[in-house]
Amino acid sequence: MKRLTNCIWPLLLLSFSACHSPSQATNHTQSATDEATQPQAGATKQAQTAPSAKSTSHAPTYHAIDMKSMNAASVNVYNGGYDDFVIEDITPILSDASSYSQKWEFYIYTRPYQTRIKFEISNFAFSKNEGKVKGYVKKFDGDKEIENYPISKSLKSGQWKASKSGLELDFGGYKLAFKDNAFHISGHFDDEKATFEYVLPTNTWKPGTGNVYFGNSENNVFKYSILTYQKPVTSGIIHKDGTDTPVTGTAYGNHYAATIAVYDMFDEVADSRKYTDDVFVEFRYYVPSAKYNAAPFGFLMVAFEGTPIFSASEINRTPLETWIDDKFYSYEIDSRQQIEATDADNPNNSAILRMTSAEPEPSDPYANLPAFQRNVASRFAKPVEYSIPIEYELDIDADGYKAKIPVKGSYSMTRLR
């Protein structure tokens, strides 16, 4: 994992937060944004170029783990420290497992067009070897949305293509490929009268190997990694109404894969992601189901100008207040909580994330299912998705400097039982 030298910290502190070094304190303002809205610029830049980062060498990521010590209730989480990206991390698994699901999702923040696109392969539930594309292309006048073109396509087995080596997908004219150290994305919108092409340079990160193994089989895997975020610059061309419009901006992308069902792995999944032009923060937290004898786990990553400055997969969450959902199953939701994290590369570096929320907004993901499908699905789990407005404060203590980062945004949580 790349780490910043101490000389970059003053730039982080000035551009995003109210903060202090061991000898002084300075107050500043900050701005942040949701994952589905255009990132805002940070405060005034303090330098034209950032000091160079130093790299830490890691062993190759894609390797077998020792299953001899694991049993049917075991969970092997991330398998150690922070490893470098290899293409096998995001190659299509193309598993025959009945609960196999794999997704590549991108938010592309450019102007005047903004694009979100998700490629998914799924055997889950009532899908069998199905390919799906979902998203949108939006056009803006300044910050005002003036056009919105939804993207939604479902393809049966044989109607989509995926390479068994590397990453190359073709889902009915929507394409994703990894080549020349970049993600190439293309597709169409507005009833196929318009097209988009994007090039997103890689900026990958993952917690440890990015792999979590459930039970005593290496085939039962849950994978997660960040594909690109914040820096470097994303470029593209939108062709519409006979005109080519070049666009540049930032992007965020992630990859998810699982060969076992979410309801089988987890009782709860939660995440929050925020970033400005300079600072990126992502937090995820998972509570394994009673089937597995494992403690909750997750990660916290903070980056400045596209380089991680704090990464932790040692997470301890303390609920401080709870809210009772009197509409769905009387689920208890943390309305105030504290998350403590320890940097995997340097145990002396730590962070505390304090989160306070307004009343959650629950929704039923089964609401639009036909009655039969809903009844079948409810036998396995009773999921409720919560969008939770939050204010949080992130205190980072790393490499002799401290930063206090206040943020407003949202926190997503799914309770399954």
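For the set Glu305, Glu314, Glu282, solvent exposure ranked by accessible area (probe 1.4 Å, protein chains only) runs largest to smallest as Glu314, Glu305, Glu282.
Which of the GluC sites (Glu not before Pro) found in the range 174-279 are in a DSSP loop and have at most 15 neighbouring Cβ atoms, other than their own, within 10 Å? Please list the in-between numbers first.
Working: sites: Glu192, Glu197, Glu218, Glu268; in loops: Glu192, Glu218.
The qualifying sites are Glu192, Glu218.
Under a 5 Å amide H cut-off, with hydrogens placed 1.01 Å from N, Ala194 pairs with Phe189 among residues at least 5 apart or on other chains. Subtracting the Cα-Cα distance of Lys144 and Ala73 from 0.36 nm times their residue separation leaves 20.5 nm of extension gain. Taking amide hydrogens as placed 1.01 Å from N in the peptide plane, the amide H of Lys231 sits under 5 Å from those of Gly306, each at least 5 positions away in sequence or on another chain.
Do the alpha carbons of any pairs in Lys118/Lys153; Lys103/Lys193; Lys103/Lys223; Lys132/Lys179; Lys164/Lys206; Lys134/Lys161 sit beyond 20 Å of each other, and which pairs? Too far apart for the 20 Å limit: Lys103/Lys193; Lys132/Lys179; Lys164/Lys206.
Per-residue surface analysis assigns Asp191 an accessible area of about 140 Å², computed on protein heavy atoms at 1.4 Å probe radius. Between Ile151 and Gly135, Tyr136, Val137, the built amide H atoms are under 5 Å apart, and every one of these is 5 or more places off in sequence or on another chain.
The values are calculated or read from the model by the stated rules, or taken from the named source; none is laboratory data. Note that the coordinates shown come from a computational prediction; the quantities given were computed from them, not determined experimentally. FYI the Cβ positions are ideal-geometry reconstructions off the backbone, even for glycines, and counts take in every protein chain you see. Protein only, heavy atoms only, side chains kept; ligands, DNA and RNA dropped before computing areas. Shrake-Rupley method; radii C 1.70, N 1.55, O 1.52, S 1.80 Å.
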